[in-house]
Amino acid sequence: MAEAFNDLILPAEKAQRYAAVAEEIAAVLDGEPNLTARMATVASMLASTFDHYFWTGFYVVDETREAELVVGPYQGTLGCMRIAFGRGVCGTAAATGQTQVVEDVHAFPGHIACDGRSASEIVAPVFDPDGKLIAVFDVDSDRPAAFDGVDKDGLEGILKQVFAARR
């Protein structure tokens, strides 16, 4: 059985990394109102902070199509262009409004394999200040069971700080 990534890094160290990058993201984005710039910065800074991140990016709610996400700013290999709400891990996060932590993507019903090297995934919904879903933030790892509650809490905190807080 493959050793889970989270056995290799202490949860406290990972939580400290999330706290530090959250402060850095806040400083870089201070005063920046553009949504695309905010998303690109978050994806870039998080991708460069964590070794277990293989693909990092946003799928944005497409206002021109009902219940569909379209690829937004990301770091990594080619992403899926469009994902329907309820389909795969991203679509499930969009449909439920809840973060999905998946230890083995191959065991997830309806998983969409944009890149066959992905082994585990975490997807968090992104809400605007009025509580409206605007995107999901997707992180894939090529390592099994790479994400846990520390990742969930860290990502949800950063996304709330960057997108849901009133400016």
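A few points about this structure:
- Cβ pairs under 6 Å, 6+ apart, first in the stretch 127-143 and in a loop (DSSP other than H, G, I, E, B), second crowded, with 16+ Cβ neighbours inside 10 Å: Asp128/Ile134; Pro129/Ala164; Asp142/Phe54; Asp142/Ala119; Arg143/Phe5; Arg143/His52; Arg143/Ala119
- Residue within the stretch 93-103 that is under 28 Å from Ile9 (Cα atoms), assigned to a helix (DSSP H, G or I) and under 13 Å from the mean Cα position of the chain (by Cα) present: yes
- Residues satisfying the stated conditions in the stretch 86-101, i.e. free of Cβ contacts under 8 Å to residues at least 40 places away in the same chain and in contact with a Phe, Trp or Tyr (Cβ under 7 Å, 6 or more places away or on another chain): Gly91, Ala95
- For the stretch 115-126, a residue qualifies if it is touching a residue at least 24 places away in the same chain (Cβ under 8 Å) and not in a strand (DSSP E or B), and the qualifying residues are Asp115, Arg117, Ser118, Ala119.
- Exactly one residue among Ile83, Ile112 is over 14 Å from the mean Cα position of the chain (by Cα), surrounded by 20 or more Cβ atoms within 10 Å (Cβ to Cβ) and free of Cβ contacts under 8 Å to residues at least 60 places away in the same chain, and that residue is Ile83.
- Qualifying residues in the stretch 61-74 (those that are modelled with pLDDT of 95 or more and either of a type in the set (Asp, Glu) or under 18 Å from Val162 (Cα atoms) (or both)) - the one surrounded by the most Cβ atoms within 10 Å (Cβ to Cβ): Gly72
- Total residues in the stretch 50-80, condition within 12 Å of the chain's Cα centre (by Cα) and of a type in the set (Gly, Ala, Ser): 2
- Taking (1) without any contact (Cβ under 8 Å) to a residue 60 or more places away in the chain; (2) over 13 Å from the mean Cα position of the chain (by Cα); (3) within 16 Å of Val126 (Cβ to Cβ) in turn, Leu35 satisfies each apart from (1).
- One residue from Phe50, Phe54, Phe58 being within 15 Å of Val136 (Cα to Cα), surrounded by 18 or more Cβ atoms within 10 Å (Cβ to Cβ) and of a type in the set (A, V, I, L, M, F, W, C): Phe58
- If the condition is being farther than 21 Å from Gly157 by Cα and surrounded by fewer than 20 Cβ atoms within 10 Å (Cβ to Cβ), then the stretch 115-142 contributes Asp115, Gly116, Arg117, Asp142.
- Considering residues of the stretch 37-87 that are touching a Cys at 6+ places or on another chain (Cβ under 9 Å) and among the hydroxyl-bearing types (Ser, Thr, Tyr) only, the residue farthest from Tyr18 (Cα to Cα): Thr77
The values are calculated or read from the model by the stated rules, or taken from the named source; none is laboratory data. All figures in this text were calculated on a predicted structure; none of them were measured in a lab. Here the Cβ is made from the backbone with ideal geometry for all residues, glycine too, and neighbour counts use every protein chain on show.
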